[in-house]
Structure formats: structure tokens, C-alpha cells
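Encoded as C-alpha cells, the structure appears first; notes follow it.
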Protein chains: 4
Amino acid sequence: MGVMRIGHINLRVLDMDAALDHYENTMGLSVTDRDADGNVYLKCWDEWDKYSVILTEADSAGMNSIAFKVEKDADLDALKKRITDYGIDVTDMAPGEMNGCGRAIRFNLPSGHDMRLYAEKEFLGKAVGTLNPEPWPDEGKGVKAHWLDHALLMCELDPERGVNKVAENTKFMKEVLDFHLGEQVLVGPDGDIQAATWMFRTSTPHDIAFVGGPEMGLHHVAFFLDEWNDVLKAADIMAKRKVKMDVTPQRHGITRGYTIYFFDPSGNRNETFAGLGYLAQPDMPPITWTEENLWRGIFYHTGEEAGAFTTVYT
Amino acid sequence: MGVMRIGHINLRVLDMDAALDHYENTMGLSVTDRDADGNVYLKCWDEWDKYSVILTEADSAGMNSIAFKVEKDADLDALKKRITDYGIDVTDMAPGEMNGCGRAIRFNLPSGHDMRLYAEKEFLGKAVGTLNPEPWPDEGKGVKAHWLDHALLMCELDPERGVNKVAENTKFMKEVLDFHLGEQVLVGPDGDIQAATWMFRTSTPHDIAFVGGPEMGLHHVAFFLDEWNDVLKAADIMAKRKVKMDVTPQRHGITRGYTIYFFDPSGNRNETFAGLGYLAQPDMPPITWTEENLWRGIFYHTGEEAGAFTTVYT
Amino acid sequence: MGVMRIGHINLRVLDMDAALDHYENTMGLSVTDRDADGNVYLKCWDEWDKYSVILTEADSAGMNSIAFKVEKDADLDALKKRITDYGIDVTDMAPGEMNGCGRAIRFNLPSGHDMRLYAEKEFLGKAVGTLNPEPWPDEGKGVKAHWLDHALLMCELDPERGVNKVAENTKFMKEVLDFHLGEQVLVGPDGDIQAATWMFRTSTPHDIAFVGGPEMGLHHVAFFLDEWNDVLKAADIMAKRKVKMDVTPQRHGITRGYTIYFFDPSGNRNETFAGLGYLAQPDMPPITWTEENLWRGIFYHTGEEAGAFTTVYT
Amino acid sequence: MGVMRIGHINLRVLDMDAALDHYENTMGLSVTDRDADGNVYLKCWDEWDKYSVILTEADSAGMNSIAFKVEKDADLDALKKRITDYGIDVTDMAPGEMNGCGRAIRFNLPSGHDMRLYAEKEFLGKAVGTLNPEPWPDEGKGVKAHWLDHALLMCELDPERGVNKVAENTKFMKEVLDFHLGEQVLVGPDGDIQAATWMFRTSTPHDIAFVGGPEMGLHHVAFFLDEWNDVLKAADIMAKRKVKMDVTPQRHGITRGYTIYFFDPSGNRNETFAGLGYLAQPDMPPITWTEENLWRGIFYHTGEEAGAFTTVYT
């Protein structure tokens, strides 16, 4: 009971046609709806709810909001109380206010990111159905992403000013939304500054993650692929389609996942993340990465910064 | 809250030395304890609790019991009440009665299998530790299984006599232990006989499964590997070590997993199961396999019975 | 100088439409020509010559002939002399007698199989071209086979009557066509009966192979895929397209290759063979498999006969 | 007849102990001999000849010489004549002058690199033997490289001065040693400057390659692995062993191979190269990469320079 998983993310894109070409033809999502405001809704083939990505045309790239699905309608009331008691304002959203969803609640994370919780979303079904399903659909384009896997949110971190929104978010997600801490990076002279955290509600290594930076933003949004081999194929497809790459196939030390980073046409960083990594469980002791091993954690093969990890976000 | 995952399985083996050679050198588990009764306790490298397999020397192979770990100690009381209310007798087990565990409860599934629940087990830690961990350990033998993944229990099914312990177990696990039904096989002239079910509490496709047969028993116990490529390596290792194979590398239609089946020296069927398959979630609609597609579900590549699936169990 | 590689195979099929559906949509070959006799010519995407498969409608399945390409036109004269000197009749074929080819020679192997040699075939080019080529083409169906890799010919073997066409073929291919012996199976009470051989001219483990049986025929024709992962995908595609499988994903001990066997609609056994295996070289000592390890050599994972290896051929 | 394959490479290393730790424990080669001058000889597990790498302690890193094995002793006489007729001085080497080898010839490539040809080298055998061999050995360390695959030699290229040792080497290798041109990079205002070439005698995409630079040197020496998955494992091992990485897992557009680049402790660049890529054949039309696609050819996934490709060599 409580939060089940990431439900959807609302991304700002500079040019809707270019964005759709990317999310449809490179990532393999399908458009499932458009609304009067011009927002476009897309789902991955292995998802059953109506959408996991909302694209909104805007003057700047980035994330408008992120939403998680809870198991039961009553969870919304219970969580609203807990969030409010924690001192964070919660706004009710009427059924349909989020396209195809039942009633919802919204609030800002300590970092300022807009988060929503909902219990119901219109059901469309996986592309392979539920009766004697094939393991993968014949149709489908590009990397054929399975599902929206997680997002990494950039949160303000300024130790000198005593600001650490990573730690604040992590505490909130743990105490109020019952997320579990899977991994963390501790930095600073005393090794006590939580500079990044990975948190889960499913039994995969992360459903959301936070990393410290100069200001709030979106570091990347990740879509799931099965295996290391799919990461090769994804990178091949990025090359064929001349997608701007950030980081070529590599293993994360953190989560053990296989990854490539690249950018959508608006500059929002995408990841294709593959592999289960490990079975995340409430009683699994959190993993800690120290400052000197930080980059080994991020990019295991070199142990060094790669791409524009610390400098580009939206 | 409630059941988290499979905790351990107690297997009967005919010859302890042969069994240990198999589970240590072929499967890659490590012995963590032995008790006065001669039971041997083993864990996989990616598990943190003291053991996931108990080997007991006996005159016949098979499973003595299976145990699941719950999240909190209080869950034991709540679940004991629910199980009792359901009409199943529950026996309390004192701390230490199960080696290294806190207090526990035991009961028989409708199928007759001995099941235990516990909230605490001695912590030993993953082989790679929790501080700047490597993604996999250098040491380790054979297939280096990550963790005990699931078991498939054979349950009495005799439609003519109106006996269906698969359906009874499934109902119990769902209503009392809050497991979710991931997939099922429906057979019979009206397609309404639940001949096999796959159920989960984690977000992997199954933590336990039931299949109908002439009598109760253990169909197989499965250990997790990462990827399809690891299944090849596992099959190579079985060949090198002359392990009796049952089913060579193949995809399950059900769960989409990658698999090989083989037998420990006592005849207990083992599986190495790889791949996440899909993200199992409470709101994912269950998948149904019909009788004519049953074997496509079990062994996707041929759609036909392979090995000794229906004839050999312990 | 001399033989370079397998050039094409002429297969008999019972129904051309069904055969084309298989070779085009399942195997991924493209039709490049049809002739007045109704023969259909196909090539794989990674081949540059006009065709590697000729389909001929007939009342029975099987192989009409197999052709190898030599490096230079003058090789045809030199090899004709060597073959004739060896005591085998050679027939000249005029340019164009084999569609799109220059002059050729034909003869029967000691086993009776019709073999042809040619030096020129019309050039069409790889699907990816030769200027800044992509590593794989976007277009393409089914398993997207790279190229015709090899054929395994069944040859009469009857030790009691002193007949061993495997040995005779092997001697001829070695002494006259300069093939190298990569691997062999030796059986019989004295371990001196060459029951199967694998021979190469390229530096892959085999370009042609011979296996003993009750009569001459075609055991299988193999198409190349890159990796073990492609073998999974191929098996998935066979399942989706309901292709009759013979052997699911497995490793050959012989050649170390990754394989699946299956049948075209006429019953001709096909293989998708993946992996380089090892670098075959003239000075590599041949590998020998003994009778008790024969099946370990064929199907490494079980060491036992699988599918219809010894009983079905065309 | 003629050159078969790369035979061995003589590398200069700054510290023999550090070098041996690298080539033995990271690369998986075995020491097979040491000579009175302190040279150490190593072979890969899948090679049958005595050694493929000679390590020589020196004050600077780099390559002393590279040797190719020819098929027959008589080839040495024929090739000596052809090389001499081409205008290049050839020196005879007595049997044993190269450790464990028969007589040999040596000469300098137009680029200045020392090349040797030999027909015989002491036979030690593959680690898996030739009788019912396992596909891979249980013993073996690190990445367990199969064999020395190729070397990329840096050759002086200065179009303004009219110097192009890449083109001179390529012409020599083709006309005199019967190598085939697989791929080439053409640059310059008229696209006619051969800035890099890949050449083969086996049917793999390259046995030697040349790239233009400011002066002669060794760009990298490559060892073979099977598959993309082995490249991941290799990169993991480099991370575990803190090997200095140059380029993380990536696909080459040229050869289609899977690769990582890294450095031995002396700074000699190593590559683990995986995948057959394509079947290289004498009649395959050479592939050309244009200047604007040069980096797409080298590092396919980004199409951009990565690591220290153009700046570091030995």
C-alpha cells in the first residue's frame, strides 16, 4: 500500500514535431492522446496505463512535474495527511484534471519539484495483450523502450550556505512516502553531505533519484531496456538517427545498471537503462559511495567524469 | 508491509557431500553454518541474510519447507491472525528455532506444503559489501547465482475428483498474504480450471508459483542470473561439470524469463532464471494462457513439452 | 588462390510461395531474380554477389547442388585438372548457364553430391553499401541472416559394407580443393572410422561439413548471425512465426558455435549459426571427437542427441 | 599460400613486473618462456604456437617488431624475392634467432616498422587441447583473451611534404604480401589521401591496420574476445583492476567490431576487440570512409573523437 511506481513525467520541449520524432521513432513510444492545450501523451509498449510521458511545448526545456501512482484511492487521503503534517502544502486535483486520471494530489518536494500522486489512470493495456502474449511486439520503432523507469532530479546543494535539497528530499521521500534508500553519495570533509541518493518503492534499484547541483532541474529521465545487448542496439540506433550522445554504453557502479545517456532535440537528457541490477528490498542495507569513489559509482568503467554529467541539465 | 520476498528453502538431499559440491561449486553458494542435526546453511553472494538454502540429508529428495520474510515483526501477528481466520492452523516458532532467525510462524498451504514466515534473520552482508561496492565479486564459483529467486510447487490437481490445490493456494496467497497474481494457465473444457499460477510480492514476475500434478511436491527451485548470456555460461558450466540437464537455454513465454533446468545430484530440479521479464505491479492485469498455448507459455521457442517437466519432481 | 567460400546452394522446395515466405520473411533474404524455369534467386543483406540461395520447386525437398566461388578464373582450369586427375569427371558450364555467373565447372563429390565451382557472379553489393556504411541495415525482415555460412551434407556410411563417403569426401576436399580439416568425429571399435568432418577455406571453423548416414542427402544449410543474443532473437522469431523447431538455442561443442535448428516449410533443415568460434587456420591441429563424446560435440549442453539430428534430412 | 596471420608482436615495456601483472592477470596470457636477454614470451589460451607476445624491458614503450606466419617454408623464399624485387632489403634470420621459430626473414615496411615472416614456431597447443575439447578453459585470468588479433601501426603522414607512409605500406602489403584492403579512410580536399587502411589475409576484417600521424609508432595492439558481452566483462575487469581506460565499450563503424581501448602500465594502448564483424573476402569491395565520417567510422556511437586516439601512441 502506498506509492507503487513512477507514473508519468511532464517534459517541456521546444519543438513538438522534433520531440515527437524523437520519442516516437527513436524511443519507440506511441501517442495515445492530445489535449486542447497541445499537450501530447505517450506510452511505452510494455505499460498498461494510458501514458507515461506528457510533452508540453514551451520556451525552455525541462520537467514540469512528475507523478507517482499509488495502489489504492484511500492511499491518497492517508498520504495527503502525512504530507500536510510534514509541513508541505498539498493541493487536490479533481478527476480528469490530469488527463485520464482519477482524483490526485499535488505538492512541491523540498527541492521545489512539482510532484503528483494518483491512484487511477485510464487503462489501455500492453501492446502484447494479456492472453497468450508474445514476449515482445513485432511492431514498434527505435529502441522500443519497455517503460518509463525513473528520473534523476537535480536539487540545490550548497554546503557553504547550508542548503542541501538532496538530503531534504530524501528525508521526505523516506519518512512520508515510504521510499527506501538504495544508494547514496556522501561527500565533504567529514563525509556527511548527502550529495546524491537513489530511492525505490518497487524492487528495482531506483524509482527516483536526486543529485545535488547549483539549482533545481531535471538531470535525466530514463526508459527501461532488458539487457546489455539492448544498450548496444540503442547506441547503434542513436548513431543511425544522429541523436546527440552524452555517454556511450557503460555500466553504472551505482545500481549496477547498463546505460547510455543522450539528449532529446530540446536538450532534455534521456537514458536507456538496462538490467535489473539487484533486487532492492526494504531490509537491504543502503550502499554508500564516498567522494573519492563518486565517479566510479557513476561511470564504473573509467571512474572518471564522462559527458556533461555535471554541467548540462534542464 | 507484509511479505517481502522468498527467504529460504529447505531441501532434502540424498548425499550431503554430493549436494554441497553442487550448490557450492556449480551454483556458487557459500556455506554459512551447519547445525547439530547436520543441516547445512548456504547463501548466494548477492544476498545479505545468513542463508537462503538449507540442505538436510534424507532418504528422499524434495522440499521440507519454504520460508518468506516479512517486513516488520508486527506483520507476523497480523498475518497469523489472517491465516487463522482463514481457517488454517498456525504454529509459533520461537526465536532461534529457525537457525539465525527471530520468532516465526509456520502453517501448511492448502496444498500441504510447509510454509514459514519470519521478520528477522542474522545479517551477513553481500559479498561485495555496501561501501563503494564492485558490481560482482571476483571470488565465486560456477554460475555465481545472485539469489534464491522463486520456487515452483507441485500441487494436487484432479478435476474429476474436484481437487485443485493450485486454485486453493492461489486464493490463499492472494487473500491472506497479499500476493498478486501475475500469470495463470486455464485449462479444461470450459477453460476455467486454474492449472498453474505465478504470484509475486516483489516487482519481479514471480516469487512463488504453483502447478497442478498428481500429488504435492517440489517442481523446481530457481536462482537468479542477470542475462541471457549468463544462461549460456550456466549451460556451459553444467556441461563441463556433467550436471544432468533437463531443459537447455530457452525463453519462458510465461514471465518472459531466460532459463535452463537441471537436477542437483539428489534429483531436485534447479533452474537458473535470468532477466527481469517485466515490472510486476499490483495493478498489472494478470496474464492468462489457454490450454492450447500452455506449452508455448512454458517453453516459448518450441511451444512443446521439453525435458521431464510433467513427469519428474521431488 | 583457389576456393574462397561457399557461393550458393540450390534447394528443392515443395511449394514456392511457402518457401519464399520463409526465406524472405523469416530468414530475411531478398529475391534478386527469377528465371524462366521458375527458379527464384535470393541473397542475404551482407552478401555482395547476386544470390546465395536458389529455390527450385520440386516433388521432394533436398539439395540439387552446392557451389563454391574460387578466387580467380584461372583457378577453374587448375582445379579442373586436379579433379580430373583425381579420377572424377568434370563438366564445363558456359557463362550464364548458372544465372549471373561466368563459366563454371561441375562434378560429383565421391558422396554423389553435385558441386560447382565458379569465379564470377554478378555483383549487387551489400545492403549497407561501401561508403560510410552503417553496421546493419534498418530495413530487413525476420532474423536478418548475414550470409549463407555452410552446409552439412549427409553421406553414405556403412562400415560393414566398407562404405564411408564421409572419409572419401574429406580426402577429396583436402587433397584436391585444398580444404583444411578442422574437426572430425572418429567412431568404431578401433576409433578409426571418420563419421563426420568439418572443413574450411575461410578462417571460420567450417565452410562445409559431412556426416555419415544411410544415404546421401542434405542435413542442413546454415546462415550466419552475429552473437548468442541473435540466436535468442532468432528463436523468438521462429516461435512468433510458428516455424517448426528442431533444436532450441544451444552451443555446439564442435566449432563452439551457437545454434538453433529448424525446418523450412518443405522440411529442409535450416540453421542459424552465430559466433566466430575460433580462428581456423591451415596449421591448426584438427580437433577429434571420440564416439563416447560425439553428442557432447554436437549438442554441448546436454551431451545427448536432441531433435531429429540423425533421423530427418532431405 | 603465403601469409596466414599475425604471429607475434614484440612490445617494449618500462617495468617487466608491472607488464607481466597486466598481460598475465588482466589479459589472461600465460608465460611460456624467458630468454637470456630477459625477454618474456607469452601466449593466449586459444593459440597453439609458443607465443604471440614478446615483452622486452626498455626505456621507452612501443613496438620493436611485428611478425606474421606464412603457410609453408617455401613461401619465405618466394616472398623474399618479391620483397627484394619491390626494392626493400631483406635480412635472413637463422632458425632459433627468433625464439622457438624456424628460419625467418626481416625487413622494414615503407613506414619503417620492423616486420618479420616465419613459417614455423614451436607448437604448444591450445589450453583446451584437441581431443573432445571444452569450448573455454576453466583456468585463466582476467579477460581471458583468445588470441592476438591485430595491430594498428601509426605511419608518418604529411600531405604538405608529400609523405604518406599509410599509402606506401598499403601498396606494399597488397602487391607484395597479397593482403586485401578491407577499409580505408580518404581525406583531403580531393578525398584522395589514404589516411588509414585496414588489411586482411584471414577472413576477419583486419589482421593489420595503418593510420597516419606525425611519426611512426604503435597505435594499439588488439586481442580477440567473442562478443559484445565479453567487452562489458572486460571493461568491468579493467575497472576492478584500475587499468587506465582510453575508450569505454563502443562499436567501431570500421570493421563493425566491439571494442575497448586501455593502456598497459607502460602506456602501450591495448584493445580487446570482439565480434567477427563481417566475412572478409578477396572479392569484397573495399569500404571507404570520407573525412566527414571519419569519426563515425572510428567510434560509431558518437561520431566524435574519443579518448586519446590521435594524441597518444608509443
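The values are calculated or read from the model by the stated rules, or taken from the named source; none is laboratory data. All figures in this text were calculated on a predicted structure; none of them were measured in a lab. Ideal geometry is used to build each Cβ from the backbone, glycine not excepted, and the neighbour counts take in all protein chains shown. Protein only, heavy atoms only, side chains kept; ligands, DNA and RNA dropped before computing areas. Shrake-Rupley method; radii C 1.70, N 1.55, O 1.52, S 1.80 Å.
Just the residues that are crowded, with 16+ Cβ neighbours inside 10 Å and more than 14 Å from chain A (Cβ to nearest Cβ), please, taken from the range B:31-51. Talk me through it step by step, then tell me what you get.
First, pick out the residues of the range B:31-51 that are crowded, with 16+ Cβ neighbours inside 10 Å: B:32-33, B:39-51.
Residues satisfying the conditions are B:T32, B:D33, B:N39, B:V40, B:Y41, B:L42, B:Y51.
Just wondering, is there one or more residues in the range A:32-46 that are free of Cβ contacts under 8 Å to residues at least 60 places away in the same chain and on the phi > 0 side of the Ramachandran plot?
Initially, the range A:32-46 is screened for residues free of Cβ contacts under 8 Å to residues at least 60 places away in the same chain, giving A:34, A:36-38, A:40-42.
If we keep only those that are on the phi > 0 side of the Ramachandran plot as well, we get A:38.
Checked the range A:32-46: at least one residue is free of Cβ contacts under 8 Å to residues at least 60 places away in the same chain and on the phi > 0 side of the Ramachandran plot.
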In the set A:H113, A:H150, which member is surrounded by 15 or more Cβ atoms within 10 Å (Cβ to Cβ) and in contact with a Cys (Cβ under 9 Å, 6 or more places away or on another chain)? A:H113
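The rows are residues; the columns are (1) out of contact with any Gly (no Cβ under 9 Å at 6 or more places or on another chain); (2) hydrophobic (A, V, I, L, M, F, W, C); (3) within 28 Å of B:M98 (Cα to Cα).
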site: B:E134; (1), (2), (3): no, no, no
site: B:P137; (1), (2), (3): yes, no, no
site: B:E160; (1), (2), (3): yes, no, no
site: B:E168; (1), (2), (3): yes, no, yes
site: B:V185; (1), (2), (3): no, yes, no
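Filter the range B:1-25 for residues that are of a type in the set (G, A, S) and crowded, with 19+ Cβ neighbours inside 10 Å; which is farthest from B:D77 (Cα to Cα)?
Within the range B:1-25, the first condition is being of a type in the set (G, A, S), and the residues that meet it are B:2, B:7, B:18-19.
When the remaining residues are screened for being crowded, with 19+ Cβ neighbours inside 10 Å, the result is B:7, B:19.
Values: B:G7: 18, B:A19: 36 Å.
Here the residue is B:A19.
Go through the range A:297-306 and give me each residue that's assigned to a loop (DSSP other than H, G, I, E, B) and either more than 8 Å from chain B (Cβ to nearest Cβ) or open to solvent by 40 Å² or more (accessible area, probe 1.4 Å) (or both).
Quick first cut of the range A:297-306, residues assigned to a loop (DSSP other than H, G, I, E, B) only: A:299-306.
If the condition is that a residue be assigned to a loop (DSSP other than H, G, I, E, B) and either more than 8 Å from chain B (Cβ to nearest Cβ) or open to solvent by 40 Å² or more (accessible area, probe 1.4 Å) (or both), then A:F299, A:H301, A:T302, A:G303, A:E304, A:E305, A:A306 are the ones that fit.
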Matching residues in the range B:179-228 - criterion: being touching a residue at least 60 places away in the same chain (Cβ under 8 Å) and of a type in the set (F, W, Y): B:F179, B:F200, B:F210, B:F223, B:F224
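Out of the residues in the range C:259-296 that are outside any loop (DSSP other than H, G, I, E, B) and facing another protein chain (nearest Cβ under 7 Å), state the one that is nearest to B:A235 (Cα to Cα).
Going residue by residue through the range C:259-296, those that are outside any loop (DSSP other than H, G, I, E, B) are C:259-263, C:269-274, C:287-296.
Now drop any that are not facing another protein chain (nearest Cβ under 7 Å), which leaves C:287-290, C:293, C:296.
Numbers: C:I287: 22, C:T288: 22, C:W289: 20, C:T290: 22, C:N293: 17, C:R296: 12 Å.
Among those residues, the one meeting the criterion is C:R296.
Can you tell which of A:L42, A:L76 is among the aliphatic types (A, V, I, L, M), more than 22 Å from A:T130 (Cβ to Cβ) and either modelled with pLDDT of 95 or more or in a strand (DSSP E or B) (or both)?
Values: A:L42 fails: more than 22 Å from A:T130 (Cβ to Cβ).
So the residue among A:L42, A:L76 that is among the aliphatic types (A, V, I, L, M), more than 22 Å from A:T130 (Cβ to Cβ) and either modelled with pLDDT of 95 or more or in a strand (DSSP E or B) (or both) is A:L76.
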Members of the range D:244-255 that are open to solvent by 10 Å² or more (accessible area, probe 1.4 Å) and more than 10 Å from chain A (Cβ to nearest Cβ): D:H252
Can you confirm whether the range A:229-239 contains a residue that is over 30 Å from A:G191 (Cβ atoms) and within 9 Å of chain B (Cβ to nearest Cβ)? yes
Could you tell me which residue of the range D:116-126 is farthest from D:K69 (Cα to Cα), considering only residues that are crowded, with 18+ Cβ neighbours inside 10 Å and within 12 Å of chain C (Cβ to nearest Cβ)? D:K126
Flagged pairs (Cβ under 8 angstrom, 6 or more apart or on separate chains; first in the range D:2-15, in contact (Cβ under 8 Å) with a residue 60 or more places away in the chain and closer than 17 Å to D:F224 by Cβ; second hydroxyl-bearing (S, T, Y) and buried (at least 23 other Cβ atoms within 10 Å of the Cβ)) are D:R5/C:S203; D:I6/D:S52; D:G7/D:S52; D:G7/D:Y118; D:H8/D:Y51; D:H8/D:S52; D:I9/D:S52
Looking at this structure, is C:D92 modelled with pLDDT of 95 or more, part of a strand (DSSP E or B) and farther than 24 Å from C:G140 by Cα? yes
Considering only residues that are buried (at least 22 other Cβ atoms within 10 Å of the Cβ) and out of contact with any helix residue (DSSP H, G or I) (no Cβ under 8 Å at 6 or more places or on another chain), which ones fall in the range B:134-146? B:K144, B:A145, B:H146
Could you run through the range D:63-85 and say how many residues are more than 14 Å from chain C (Cβ to nearest Cβ) and among the charged types (D, E, K, R)? 5
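Which one of A:G28, A:G100 is over 24 Å from A:F210 (Cβ atoms) and surrounded by fewer than 21 Cβ atoms within 10 Å (Cβ to Cβ)?
Values: A:G28 fails: surrounded by fewer than 21 Cβ atoms within 10 Å (Cβ to Cβ).
From the options A:G28, A:G100, the qualifying one is A:G100.
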